[in-house]
1. Can you tell me the dipole magnitude for segment B:8-114 around its Cα centre, using point charges on the Cβ only (Lys, Arg +1; Asp, Glu -1), in Debye to the nearest 20?
2. Which lysines, if any, have their Cα less than 29 Å from the Cα of A:Lys68, not counting same-chain residues under 8 positions apart?
3. Which percent of the accessible area of chain B is formed by carbon and sulfur heavy atoms (probe 1.4 angstrom)?
4. Using protein chains only (no ligands, no nucleic acids) and a 1.4 Å probe, work out which residues of segment B:86-114 have their accessible area cut by at least 50 Å² relative to the chain alone.
5. Using a Gaussian network model of chain B with C-alpha springs under 10 Å, which one of B:Asp85, B:Asp30, B:Asp62 is most mobile by mean-square fluctuation?
6. For segment A:84-114, which residues drop by 50 square angstrom or more in accessible area between the chain on its own and all protein chains together (1.4 Å probe)?
7. What residue among A:Gly43, A:Gly62, A:Gly16 shows peak mean-square fluctuation when chain A is described by a Gaussian network model with Cα springs under 10 Å?
8. Rank B:Phe64, B:Gly40, B:Gly108 by how far each Cα sits towards the positive end of the charge dipole of segment B:37-114 (+1 on Lys, Arg Cβ; -1 on Asp, Glu Cβ) and give me just the farthest.
Amino acid sequence: AQSVTQLGSHVSVSEGALVLLRCNYSSSVPPYLFWYVQYPNQGLQLLLKYTTGATLVKGINGFEAEFKKSETSFHLTKPSAHMSDAAEYFCAVAPHNAGNMLTFGGGTRLMVKP
Amino acid sequence: DAGVTQSPTHLIKTRGQQVTLRCSPKSGHDTVSWYQQALGQGPQFIFQYYEEEERQRGNFPDRFSGHQFPNYSSELNVNALLLGDSALYLCASSLGGTGAYEQYFGPGTRLTVT
């Protein structure tokens, strides 16, 4: 069975500072990897995904994530936080034989201070 | 394109009752997945419908059932409601197949069981 752990249920950064949200997965084989964002009272929106190929993945809104197989990690970063980045972020995995059946982590709430 | 729509937005039910939630997928999508998101947690996969059949199912009891119609819209039914069923129910649509196709999420239905 696959599982996802997001370290830090709450992360606070200052506007303009680096954003780093951590995600580790447990799976017998490397799965597909995703990051989703959820704004208040809205559904989830895909930020980026890793399937195969280049391990550094660029997504929307300036976010990127790097797949590190040896560390079973897929951390999300953004060089400079903006107030509009304040939201809940979810890391998710899916097996290769069911790429749209997602297992989510518990989420990290990102707060951006002015 | 209206995206994924869900109805109703909010719902209050009493323990033991039954509830039906509805979802219309994004135009062109033929696969609908349902997720339960308890307060402060990540979404959990309930089941997925493709070609009017349940294709994948998560770890949810038989009280949770669904249906997909020829126009790809879907219903989630929950019988014998428990207090623990209170959650945000998210519908996501995507293309069929097992690839890591992007899932588009609706805004959800907030179910409160009293």
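The values are calculated or read from the model by the stated rules, or taken from the named source; none is laboratory data. Fair warning: this is a prediction, and the values are worked out from it, not measured in the lab. So basically every Cβ, Gly included, is an ideal-geometry build from the backbone, and we count neighbours across all protein chains shown. Surface accessibility is based on the protein's heavy atoms, side chains included, excluding ligands, DNA and RNA. Shrake-Rupley method; radii C 1.70, N 1.55, O 1.52, S 1.80 Å.
1. Working: 8 positive and 9 negative charges, 90 e Å.
Computed charge dipole of segment B:8-114: roughly 440 debye.
2. Within the straight-line cut-off, A:Lys68 pairs with A:Lys49, A:Lys58, A:Lys78.
3. Working: 2560 of 5360 Å².
So the carbon and sulfur contribution to the accessible surface is 48 percent.
4. Residues losing area: B:Thr98, B:Ala100, B:Glu102, B:Gln103, B:Phe105.
5. Of B:Asp85, B:Asp30, B:Asp62, the Gaussian network model singles out B:Asp62 as fluctuating most.
6. So the qualifying set is A:Asn100, A:Met101, A:Leu102, A:Phe104.
7. Residue with maximal mean-square fluctuation among A:Gly43, A:Gly62, A:Gly16: A:Gly43.
8. Farthest along the dipole direction, towards plus: B:Gly40.
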